[in-house]
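The values are calculated or read from the model by the stated rules, or taken from the named source; none is laboratory data. Here the structure is a predicted model, which means the values were calculated and not measured. Using ideal geometry, Cβ is built from the backbone for each residue, glycine included, and neighbour counts are taken over all protein chains shown.
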Amino acid sequence: MPRPYVLLSAAMSLDGAIDDTSSSRLVLSDAADLERVDAERAGVDAIMVGAGTLRRDDPRLVLRDRSRGRDPVKVVLSGSGELDPAARFFTVGDAPRLVYTSRPERAMAVLGGSATVVDAGDPLDLDRVLSDLHARGVSRLMIEGGARVHGLVLDAGVVDELHLVVAPLVVGEAEAPRFGGPAPRRTDGAAARRLDLHLVEARPMGDLVLLVYRAG
Ligand SMILES: NC(=O)c1ccc[n+]([C@@H]2O[C@H](COP(=O)([O-])OP(=O)(O)OC[C@H]3O[C@@H](n4cnc5c(N)ncnc54)[C@H](OP(=O)(O)O)[C@@H]3O)[C@@H](O)[C@H]2O)c1
C-alpha cells in the first residue's frame, strides 16, 4: 500500500527523556534548532502528533517563518476521540486538520466542523492512517511525537528518516516520557531490537547534537 515518506523528529535529554513530569514543558531545543525544525516543517505536506502531545503541549503546528510558504496539514492520532476543540491545533492557522481516531462519532461530536475526522479502525490501524494520508496527497509526513506515537511508528518499521536532537540535560525521572515510547511494549522476550536505520550525519549545534538516520 502506498504511504508517505515518514520523517520522525524528536529532541531528548542525555537520559532519553522527551519531557519531564513538571507542570511546564521541558525545553530541549534552542533558537537555532527551532529554526531548523521550522525549515523541515516547511518541506513536508503534513505534521502528525498524538493526542497526548496535544493535551500536554497544546502545539500550534504552524510555520514560525511565514515566508517559508503554506502551513502543512495538521494530523492528530487519538484512540478515544476525546480532543479539546479549543486546542491551538484546531484554532490557529488555516491549514486543514485531520483527526484519525478509533471513535469517530465521539470526535465528531466534540469537534463539530473544526477538523476532518477519519475512522482509523479499532484498534487504531497505522497502515490505514498512512495510506489514507497518501490518498489525500501527503507524500512527506513529519511526525513530532510524543512517546507513544514514537513507539507506534518505530515498532511498525515505517520510519524512513529520523532526526534526533540530544540536549545536555539529565531528567532523571522514571516517569518522564522517553524517546521510543513507553516500556514495556514487547512480549517476545527479546532484550533489544536493532532498527533498520543507519546514521548519515551527526551535527554539533552548540551544546546540542543532531543525529540523522535513514532507513535501509
Ligand atoms: N521532545 C520532543 O521531541 C517531543 C515532541 C512531542 C511530544 N513530546 C512530549 O511527549 C509527551 C506526550 O507523549 P505521550 O506518549 O503521552 O502522547 P502521544 O504519543 O503524543 O499521544 C498518545 C495518544 O495518541 C493516541 N494514540 C497513539 N498511538 C495509539 C494507538 N496505537 N492506538 C490508539 N491510540 C493511539 C492515543 O490518544 P487517546 O488518548 O485520545 O486515545 C494516545 O493516548 C509530552 O510530554 C510531550 O511534551 C516531546
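Among the numbered conditions (1) more than 14 Å from the chain's Cα centre (by Cα); (2) surrounded by 12 or more Cβ atoms within 10 Å (Cβ to Cβ); (3) under 16 Å from residue 12 (Cβ atoms), the only one that residue 181 does not meet is (1).
Filtering segment 31-80 to residues that are β-branched (Val, Ile, Thr), in a loop (DSSP other than H, G, I, E, B) and touching a residue at least 40 places away in the same chain (Cβ under 8 Å) leaves only 44. Of the residues in segment 138-151, at least one is of a type outside the set (Lys, Arg), loosely packed, with under 15 Cβ neighbours inside 10 Å and either more than 9 Å from the ligand (Cβ to nearest atom) or modelled with pLDDT of 95 or more (or both).
Would segment 105-114 turn up any residue that is under 18 Å from residue 46 (Cα atoms) and more than 13 Å from the chain's Cα centre (by Cα)? The answer is yes, given that some residue of segment 105-114 is under 18 Å from residue 46 (Cα atoms) and more than 13 Å from the chain's Cα centre (by Cα).
The residues of segment 14-26 that are at pLDDT 95 or above and either more than 9 Å from the ligand (Cβ to nearest atom) or of a type in the set (Phe, Trp, Tyr) (or both), listed by number, are 14, 15, 16, 22. Of the residues making up segment 70-99, those that are under 22 Å from residue 136 (Cα atoms) and either of a type in the set (Asp, Glu) or at pLDDT below 95 (or both) are 71, 94. Kindly indicate the residue of segment 49-80 that is near the ligand (Cβ under 6 Å from one of its atoms) and either among the charged types (D, E, K, R) or surrounded by fewer than 21 Cβ atoms within 10 Å (Cβ to Cβ) (or both) and also nearest to residue 93 (Cα to Cα) among those meeting that condition. It comes out as 57.
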